[in-house]
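*Asks:* Here it is, the structure in full.
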Amino acid sequence: MNTYPALLIVAPLLAALFTGIFVWIEERLCYPIAVLGMLISSFSAYKILMAVLSAGVIHYRHAGWAPPMGIEYRIDTLNAMVLLLITLIALINLVASYKTILVETPDRSGSFITIYLLFVVGLLGVTATGDLFNLYVLLEITSLTSYAQIGLGDKDRGPLASLNYVFIGVIGASFYLLGVGYLYIKTGSLNMMDVATIISTMHDSNTVLVAFILCMIGVWIKMALFPLHVWLPNAYSYAPTAVARVVAPLMTKVMVYVMVRLMITVFGFDYIFSTLDLSAAVVWLATIAILAGGLMALAQKDLKKMLAYIIVSEIGYMVGGAWLGNTTGMTGTILHILNDAVMTFALFLAVGNMIYVCGHVGFDNLKGLFGRMPWTMGGFVLAAFSIIGVPPTCGFFSKWYLVLGAFEAGAYHFAAALIISSLICAILFFRIFEIGFFPEPSDGDDHAHAHHEPAVMVEAPVSMLVPLGLVSLSLIIVGLYSGTIVNTIILPMLQ
Amino acid sequence: MHWPIDMIVLTFVIFCAIAAITVRDLLATAILFGAYSFMMCLLWAVMGAVDVAFTEASVGAGVSTVFFVAAVFRTSRRTKD
Amino acid sequence: MEQIISIKPLLAVLVSLCVIPILVSASKQPNVREGWTFCAGTIKFILVLSMLPAVLQGKQIVFSLFEIAPGAALAFRVDGIGMLFALVASFLYIITSMYSIGYMRGLDEHGQTRFVSFFALAISATIGAAFSSNLLTLYVFYEILSLATYPLVTHHQDAKSRVSGRRYLSFILGTSIGLVLPAMLYCYHVTGTLEFSTAGIFAGQLSKPAATVLLLMFVFGFAKAGIMPFHSWLPAAMVAPTPVSALLHAVAVVKVGVFSIVRVITGIFGVELLASFNLGIVIASIAAVTILVGSCIALSQDELKRRLAFSTISQLSYIVFGVALLTPKGLLGGIVHIGMHAFGKITLFFCAGAIYVATGKKYISQMDGLGKKMPITYTALFIGALGVIGLPPSGGFFSKWYLILGTLETGHQILMLVLLLSSFLNAFYFLPIVYKGFFGTPPDTQEGEPVKMEEASFCCVVPLVITAIISIVLFFWPDVFVDLIKVGLGI
Amino acid sequence: MSETLALIIGKYNYWLYIILMMIGLYAMIVKNNLIKKLVGMNIFQTAIILFYVSIGYKTHATIPIIKDSGHGDGHGGGHAVIHAADYINPLPHVLMLTAIVVSVATFGVAMALAVRVYQRYQTLEEDEIRMRLTEE
Amino acid sequence: MRLIGFIIVCICGGLLLYGTSEFPDWGDPASPASTHLSNDYIEKAFDQTQVPNLVTAVLADYRGFDTMFETAVVFCAGLACLLLLRDYSRKKERFYRHVPTGVILQVKHPEKKLPVGTEFEYMDKDWVPSDLIIKNVCRILIPFIQIYALYVVAHGDFSPGGGFQGGVIFGSSLILLAISYNLRTLVQRVKEKALGILCALGVLVYVGIGALCMPLGGNFLDYSALTRIIPWDPHHIRAYGMLGVEIGVGIAVMAVMVVIYINIASEGRHDEGL
């Protein structure tokens, strides 16, 4: 049992290194090694979740040193859930994107897989770690690999989008590092639990306040909260399919996780909501983020860009929920980390299939897509419903908790923004559905159905459809079991 | 009391930094940036961080500058600001 | 109240859902596909029917699936009112399936597999809504129904259906997300439960202004009930093929809207609470306005289906009106009208469709003298019209009778006048169709020429005959419905 | 007066690092040339490193390498007792070694991206790139 | 833009300055940072690890997990440069010099090649006559630099330095080769394939040593578990472990630095550079 937390990280890391070597010797071996590594990692994540559920928090001491001196993995139900989420999404995406990797990076697919695995390692490490500085290092791995992967995307715009992402990403990470420095100068420690116990006695210190603000700004930049979001749409929409599919659902969500972790574990609710009283301002910011993200999405003419702005809006949900200052809102945020990851993943899987078949996903290229790619569109529709918040897909249930939390906190503007955002998403997606459902507008309306030929099906390959099907079905399953998830995973951790 | 030394070097560091971002030739920027890194390395050595200083000397003043020059060689020296 | 735990409600919901993959896989063999549709419909009806005796004995059948939050689970509970609705919907589904075979094949429509699949999904959602034990479950199925009917409404995939589909969704989805969802969440926030109970869930936790706002949000939010001003999706949705209009826009969809309002009034607020706040009269007035305005607009419509649509709008408000009276008789009349109106109106829609299939005519002004060509259809049309107007010998009379008794119980005589006036209007816009059909002269035929029978196909005619007959039967034996309602309301 | 001097001596290092960092940040925001932005980025990062190293500094202490460690005997037991006050805090140094490596790695990747951008647009000036993008 | 930038900078600076007001004085031995953990490290590290250079001890042992990822970051950077820049297409034109006469030939057809040997030699497009002094000085210097690099790696336990610095120095010696001669010389001496494998291999050495500890009964990177397979001198086992990972770091960093340089300097074509 006790090796699983290490195995979780080491398996994909070793897989990455072996693929890094085999790229030069026998490139065909790379893909199986990568899948194997991710399988082991997923299995470990599953084992960890089970262990945490039965036996409580797991501690793993790297290099065998006790926490404040060494680096410790401290895995509670929240980490365990996010870890399982990351490994599963990464694994499924690896399977689903095999063909797109071959198409989009033909002469360097092996190295691409290596860097993909390192990206996953970074995400896993960020999630599992209990050390503030270790988090920074892994954050940088994640960022660096995502810069590289995004730069590999669109030949014309990819590098520029990626370079802009580098600038903003570095500022974000540096702000976080500075925040850790400010904490360190006051506490002399880097372990989260240790720091938490020390700063619990210095709530009136302005250094801790500045540290908190710096950490939050850093994390917000990385997660693209509204005024700091400018890098995201370009970066996500010019990335290669395989990357967009995993970066979009995971990167921002993991950063939300980091925010939640800092808020819950390091600074503590008491400090944030009793001593500081910044809640109202941030919830307003989140409200604006939700609406602005939605409105900007309305202005887009490209499906990928539109989804990117929807992500900006969804981040507003999670930040707002976390800052409402009550358990219900925080529950909503954590549940939404899970749900949003799954539904964004499903959306991008579907979009990836469309790109694989149609080339690009400008709105004008989607006409009659329901006829041509019924299965892909089926998955897309389910995911879209989830984003809109149609029950019984999972998006509805996290929204449920978020709105309830808003009512509890008296933040009616936030609740209103959530509802309006649902409506905006409905408009956004039904616009797509309309384009996809109705063939070219014809002149003779009365006889329109006379010349409907059955559309020729040009579906994506099975290896891309099955993952999409699985993920979109899991949207409903996760939705139906959200009560169980809340009761067994989220609430025990918040108390 | 090394604070006077420290302060003098720091002042140099800041000068180099300002110069590096204001000079209108990227090659000069590269060299000034190397000087900046070297000053920084000195500063850290003064503060007793020998390992960090060593690293900065080899990386910041060494390899980074080489990368920088190589990149300038492959792009352009021209800059408007 | 005795409760039986049984999986039957879930099965009844799932049957037509499970059959969808089979339908899709059988898309190349229409007869197999239709066979499965019938099969699923029949099993569903039998399942619903098998629960009837227990419900009539005053028991409730419950089944709980997933607990989303404390007090808000996905759960089913079969009581009298839900049973009534489920019976009507599942029975008419079988009839409509038969009718749609005749209609869709008669017109050689495209995408029939898609059509039957979404039809099955829609009926699943309807039954689910009927059996919901709390507001959350009701809302879930309400939303599924909204979305499942979109491809049905826009079935023709032309510019006109695009516009109508847009209007349909923006009204239905906009109101349910924008009004019902916040209202529901607020209820949950205040009370911590959403379970329907006859005493209501607010135990004095609600002030009158808050109650008023919430109630209005619910009544307008369930836009499927077609309360003005959120009614205009219904005429727009008439671009759909007639079976859709018939089952969904006379029975399932609109009745789910009304049913939801009934549930909210009787199960969430509770009759006593609303009576003590005197809010019934507010809703009743809104419904009264819709009744009258709807009828007046119906008078001016020339397209038969649009006239039926406006008639539906006005008739739906009868139900809301009856329930809003908050008296036993009013409640009884209102709820029984769900069933009575369903049979009457579906007959009318079937007739409209049959006329369109047989002659291609959509406008009333073109239908002079058609009754001689299609005597069966026109006879059914007449019976259906009687049912909607509320004249004996049709079931509609029965519900109108109770409604009028209900208004007398409240002591607001003016409300009774509304009902009477509306009945006259109903008669005005229906009877001329029948009259002109039988006694008018077709514009393009010579006097004295022998008239040929031109009925629609067998599959089209049989269903409308059946529904017409049942409409009459219900006049003589309304006992099952009445008993169910009495059990459901605990009167 | 001496208090002010003490304050300045006590804090100037932190102030100067802030100045340095703001120079970097300013360059990143305002400069038009991508390479200049990169330089700003690097100045920004080194300023943070300076900050950490400053945290680690301790007066009257020497570099964190144990003198007189007696590795002649091979068991490490024969050395004098180590006083924490004699040595500078090694932890920030460790952290900053990592940070330097991260910054050079980022710098390398950013340079590679800059070369790619130049290949595509034949310029590194942001406004010119933007002009080309709108032309297309 | 300038104004906005200035305002943002002022706000950030103000925020940071506000935070400094409670800082302990610079160099204050009683500050929390110098007392809480650092005392533990200073007093125990040597006893526990037998490594006098505390920075190395903390770097490679207590926080060895960080350092592993630091190495992985370097590996990422190398791989990223390779992925982003490597260009496998051949260049259109090539230049050759006829050695005896000094005549320069331009070959425009990508397929046609001249035999390179004593008579012809490749030539860079931006050719400058290479200086004899520079070439010879570098030729003499490079081996010493490399020896020094190895010393820095190996002696990281006792003096400033370690795998990272040593690797960078070794890498820069190779870069010096490329600069003083030309890129092609470097590429011919050190094959791209070898560099690519070394990048990953270096990190693999690190991770491998860490992972090796797990089946031996320790936690990940817990070098004390290695006593099972390295029977001699259990007292110094942690120092050996650290040396092992430092060597891994050195290999990886060396290879990555060269890879980055080659790819940037030649725009990924590996033909001609600075």
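*Asks:* Quantify how strongly other chains surround peptide A:65-75 by giving the mean number of their Cβ atoms within 10 Å of each of its Cβ atoms.
*Replies:* Rounded to a whole number, the mean comes out at 4.
*Asks:* Can you list the residues, at least 5 places off or on another chain, whose amide H is less than 5 Å from the amide H of A:Arg157, using H built in the peptide plane?
*Replies:* none
*Asks:* May I ask you to order A:347-358, C:34-45 by the average number of other C-beta atoms within 10 Å around their residues, highest value first?
*Replies:* Averaged packing, sorted descending, gives the order A:347-358, C:34-45.
*Asks:* Would you please classify the overall shape of region A:383-427 from the alpha carbon gyration tensor, given that a ≥ b ≥ c denote the square roots of the eigenvalues, rounded means a/c under 1.5, and beyond that prolate means a/b larger than b/c while oblate covers the rest?
*Replies:* In terms of gyration-tensor shape, oblate.
*Asks:* Still on this structure, I have one more. At 18 Å minimum axial length over the Cα atoms and a Kyte-Doolittle cut of -1.0, report the qualifying DSSP H helices in chain D, or say none.
*Replies:* Both cut-offs are met by D:2-30, D:34-56, D:91-121.
*Asks:* Under unit Cβ charges (Lys, Arg +1; Asp, Glu -1), what dipole magnitude, rounded to 20 debye, does the protein assembly as shown have relative to its Cα centre?
*Replies:* My answer is approximately 2680 debye.
*Asks:* Just how large is the dipole of region C:87-170 about the Cα centre, in debye to the nearest 20, putting +1 at every Lys and Arg Cβ and -1 at every Asp and Glu Cβ?
*Replies:* 200
*Asks:* Rounded to the nearest 500, what is the 222 nm mean residue ellipticity of the protein assembly as shown from helices alone, with -39500 (n - 2.57) per DSSP H run of 4+ residues and division by all residues?
*Replies:* Helix-only estimate at 222 nm: -23000 deg cm²/dmol.
*Asks:* Rounded to the nearest 0.05, what FRET efficiency is calculated for C:Ile46 and D:Asp127 with R0 set to 60 Å and r the Cβ-Cβ distance?
*Replies:* So the FRET efficiency works out to roughly 0.20.
*Asks:* Also: Order of C:341-348, E:229-236, C:272-279 by packing, highest average Cβ count within 10 Å first?
*Replies:* C:341-348, C:272-279, E:229-236
*Asks:* Let a ≥ b ≥ c be the square roots of the eigenvalues of the Cα gyration tensor of region B:3-74; is it rounded (a/c under 1.5), or, if not, prolate (a/b larger than b/c) or oblate?
*Replies:* oblate
*Asks:* While we're here: What distance in nm separates the two pseudo spin-label positions at A:Thr327 and A:Glu27, each 7 Å out from Cα along the beta-carbon direction?
*Replies:* According to this spin-label approximation, the distance is 5.5 nm.
*Asks:* Expressed as an acute angle from 0 to 90° and rounded to the nearest 10, what is the orientation of the C-alpha long axis of helix E:132-154 relative to the principal long axis of chain E?
*Replies:* 30
*Asks:* Sticking with this structure for a sec: Which whole number gives the average count of other chain Cβ atoms within 10 Å of the Cβ atoms across peptide A:20-28?
*Replies:* Partner Cβ neighbours, averaged per residue: 4.
*Asks:* Further, regarding this structure: What nm distance separates the two modelled labels at A:Val466 and E:Trp232, each placed 7 Å from Cα along Cα→Cβ?
*Replies:* 5.4
*Asks:* Under the rule a/c < 1.5 gives rounded, and otherwise a/b versus b/c splits prolate from oblate, where does region C:317-491 land using the Cα gyration tensor?
*Replies:* prolate
*Asks:* Out of region A:107-209, which trypsin sites (Lys or Arg not before Pro) are coil in DSSP terms and have no more than 12 other C-beta atoms within 10 Å?
*Replies:* Taking region A:107-209 and a limit of 12 other Cβ atoms within 10 Å, the loop trypsin sites (Lys or Arg not before Pro) found are A:Lys155.
*Asks:* For D:119-129, what's the mean count of beta carbons from other chains sitting within 10 Å of each residue's beta carbon?
*Replies:* Average per residue, whole number: 4.
*Asks:* Compare the peptides C:48-58, E:205-215 by average per-residue count of other Cβ atoms within 10 angstrom and give them in order, highest first.
*Replies:* Ranked by mean Cβ neighbours within 10 Å, highest first: E:205-215, C:48-58.
*Asks:* Say the dipole of the protein assembly as shown comes from +1 at the beta carbon of Lys and Arg and -1 at that of Asp and Glu; which of A:Ala242, C:Gly257, A:Ala148 then lies farthest toward its positive end?
*Replies:* Highest projection toward the positive end goes to C:Gly257.
*Asks:* Another one. Tell me the Kirkwood hydrodynamic radius of the protein assembly as shown in angstroms, computed as one over the mean inverse distance between distinct C-alpha pairs.
*Replies:* In the protein assembly as shown this quantity evaluates to 35.4 Å.
*Asks:* Just to verify a number: FRET efficiency for A:Asp302 and E:Ile142, C-beta to C-beta distance, R0 = 51 Å, to 0.05?
*Replies:* So, using R0 = 51 Å, E works out to roughly 0.45.
*Asks:* Taking 7 Å along the Cα-to-C-beta vector as the label spot, tell me the B:Leu27-A:Lys367 distance in nanometres, rounded to one decimal.
*Replies:* If labels sit at B:Leu27 and A:Lys367, their model points lie 5.6 nm apart.
*Asks:* So, R0 is 45 Å and r is the distance between the beta-carbons of C:Ala199 and A:Met50; what FRET efficiency does that work out to, to 0.05?
*Replies:* 0.55
*Asks:* What does a probe at E:Lys113 reach in region E:248-271, counting residues whose amide N is under 19 Å from the point 7 Å along Cα→Cβ?
*Replies:* Residues passing the 19 Å test: E:269-271.
No value in this document is a laboratory result; all are computed from the given coordinates. What you see is a predicted model; the values in this text were computed from it and never measured. We place every Cβ from the backbone using ideal geometry, glycine too, and count neighbours over all the protein chains shown.
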